[in-house]
Each structure stands twice: as C-alpha cells, then as structure tokens.
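A quick write-up on the structure given underneath.
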Amino acid sequence: MKKEHIVTRRWGDRRKGKTDWARFDAITDEEVEKSIAKDPDWAGFKDIDWSDALLVIPARKKAISIRVDEDVLDFFKSQGDGYQRRINAVLRSYMQQKAKPKKRA
C-alpha cells in the first residue's frame, strides 16, 4: 500500500517561495523581449492578438465529505495527482448528461 505524505499548515502561514523577486524586479522590458525572441516555444504565439483575451475564473469549489467505495478511490488515486479533479470531472459529466433536455418521440 502506498504511504501518503500529507503536509498541513496553519491558516495564514506563508512560506517563502524560491522566486528571486529582486532579480525579477531588475529585469527590463527590453531584456524580456530579447529572452522571448530567443525562445523557440514562443514562435507560434508571437503573432497572436491578445487584446480580445478573456479572463476565465474557474467555478468555486466546495469542500465536502463523501463516502466512496475504497476500490473506487484507489482507482482514481492510482492515476496520479489530481484525483479529486478527475472525480469532479466524472461527476460533472454525469450531471451534464442528466441535465440534457429529453427528446420527444
């Protein structure tokens, strides 16, 4: 059986990240442009017009407690990180299928 590593922290406990913010703040726009120009992954995006981009805010999540069969949970966990997200996607798919209007004969 795989042993889980659970990390807990108190509300408001802020951990220092690994980002070097002083270095980030010191970078000029020109340096950013040069760096982007050298990046081969950026080539397909450089001509995109981002002015019509929309900000999409994901739906709120609500923490619940639910009982599921152990083998069902083990299956989703065996697929790797993000098992709760996958369970949510399966439930959403079911909901959307049930919410479809019934066709009349």
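Here the range 63-77 is scanned for amide nitrogen atoms under 19 Å from the site 7 Å beyond the Cα of ALA89 along Cα-to-Cβ, giving 72-77. By the beta-carbon count within 10 Å of each Cβ, the least crowded to most crowded order of ARG86, ARG92, ARG60, ARG23, fewest first, is ARG60, ARG23, ARG92, ARG86.
Taken along the Cα-to-beta-carbon direction at a fixed 7 Å, the label points for VAL56 and LEU73 span 3.1 nm.
Each residue of the range 79-94 was assigned a 3J(HN,Hα) from its phi angle through the Karplus expression (A = 6.51, B = -1.76, C = 1.60, θ = phi - 60°), giving 7, x, 4, x, 4, 5, 5, 5, 4, 4, 5, 5, 5, 5, 4, 4 Hz with x at Gly and Pro. Looking at the range 10-69, the chymotrypsin sites (Phe, Trp or Tyr not before Pro) that sit in a DSSP loop and have at most 12 other Cβ atoms within 10 Å of their own Cβ are TRP11, PHE45.
The string of couplings for the range 67-76 from the Karplus curve (6.51, -1.76, 1.60, θ = phi - 60°) is 9, 10, 4, 4, 5, 5, 5, 4, 4, 5 Hz, one whole number per residue in order, with x for Gly and Pro. Counting lysine pairs in the range 30-96 that sit 8 or more residues apart in sequence, or on different chains, and whose Cα atoms lie under 23 Å apart gives 4.
Can you give the FRET efficiency for ASP49 and PHE24, using 1/(1 + (r/R0)^6), R0 = 25 Å, r = Cβ-Cβ distance, to the nearest 0.05?
The calculated FRET efficiency here is 0.40.
Each residue of the range 37-53 is assigned a 3J(HN,Hα), and the resulting list reads 4, 7, 7, x, 6, 7, 3, x, 10, 5, 9, 6, 8, 8, 5, 9, 4 Hz, derived from the Karplus form 6.51 cos²θ - 1.76 cosθ + 1.60 (θ = phi - 60°), x at Gly and Pro.
Any read-out appearing in this document is the output of simple, stated calculations on the displayed coordinates, not a laboratory observation. Predicted, not measured: the structure shown is a model, and the values here were computed from it. Please note: Cβ atoms are built from the backbone with ideal geometry, for glycine as well, and neighbour counts cover all protein chains shown.
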